[in-house]
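Each remark here refers to the structure printed beneath this line.
The values are calculated or read from the model by the stated rules, or taken from the named source; none is laboratory data. Every value quoted in this text rests on a predicted model; they were computed, and no experiment measured them. Quick reminder, even Gly has a Cβ in these numbers, built from the backbone with ideal geometry, and neighbours come from all protein chains shown.
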Amino acid sequence: MEFQTGFFYLFSAVLLFAAFRTVTARSPVHAVLYLMLAFSQAAAIWLLLKAEFLGITLVLVYLGAVMVLFLFVVMMLDINVEELRQGFWKNFPLAAIMGAGIGFELISVLWIGFPEMVVAPEVAQTAMHLADHNNTREIGKLMYSQYFVAVEIAAVILLVGMFAAIALTLRQRKDSKAIDPSIQVKVRAADRLEVVSLPATRPAQQPESQA
């Protein structure tokens, strides 16, 4: 067995274990950590398949941003796990049936949908020639040449979505003590400070001596 095959089975086993523990973990924080482990193993498998761009993107986007955000939100919300697990066994039969159906469909696609095919010699030669190319560079050339307009449109849509999310969640709090900067600039010292003349203090009286 080649070392690539051994690493593939190793990463796949850890990925399946992490995915199983993500669903069965009692603590939401532990579930997020197991999900991060599953994403890292998937990125390693993509690197074995020479899909460097997908592997690095998975690490940077999901592990570096999305999952850290999930972990921060889960730890800040302090979710009551006991209340969430009250209807677990009630919905378990339906979830098990759906999971079994999805698993059967995946097995059918992998074992039946892709029969053994004979690769033509010219196709094999072309594949060997393209194996020396950097797929990340080729993807970059396609993104910023042939699909440049689509990439720009997607970037604008994501930017609009980000501003829309900020605008929808931004509310004026009634208990906020924020002051309008324009009002602060127009403030004059005479409006804030008032000089009051007070009489001079009297000297303390000496106590009368007892006879």
Worksheet item: Can ILE79 be described as of a type outside the set (Phe, Trp, Tyr) and either at pLDDT 75 or above or in a helix (DSSP H, G or I) (or both)?
Response: no
Within region 1-28, restricting to residues that are exposed (fewer than 12 other Cβ atoms within 10 Å of the Cβ) and part of a helix (DSSP H, G or I), the one that is farthest from the chain's Cα centre (by Cα) is PHE3
Selection status of ILE157, part of a helix (DSSP H, G or I), at pLDDT 75 or above and not assigned by TED's automatic domain parsing to the domain that holds MET143: no
How many residues of region 29-51 are assigned to a loop (DSSP other than H, G, I, E, B) and either in contact (Cβ under 8 Å) with a residue 24 or more places away in the chain or in contact with a helix residue (DSSP H, G or I) (Cβ under 7 Å, 6 or more places away or on another chain) (or both)? The answer is 2
Selection over region 85-103 where residues are closer than 20 Å to ALA19 by Cα and either at pLDDT below 75 or touching a strand residue (DSSP E or B) at 6+ places or on another chain (Cβ under 8 Å) (or both) yields a count of 2
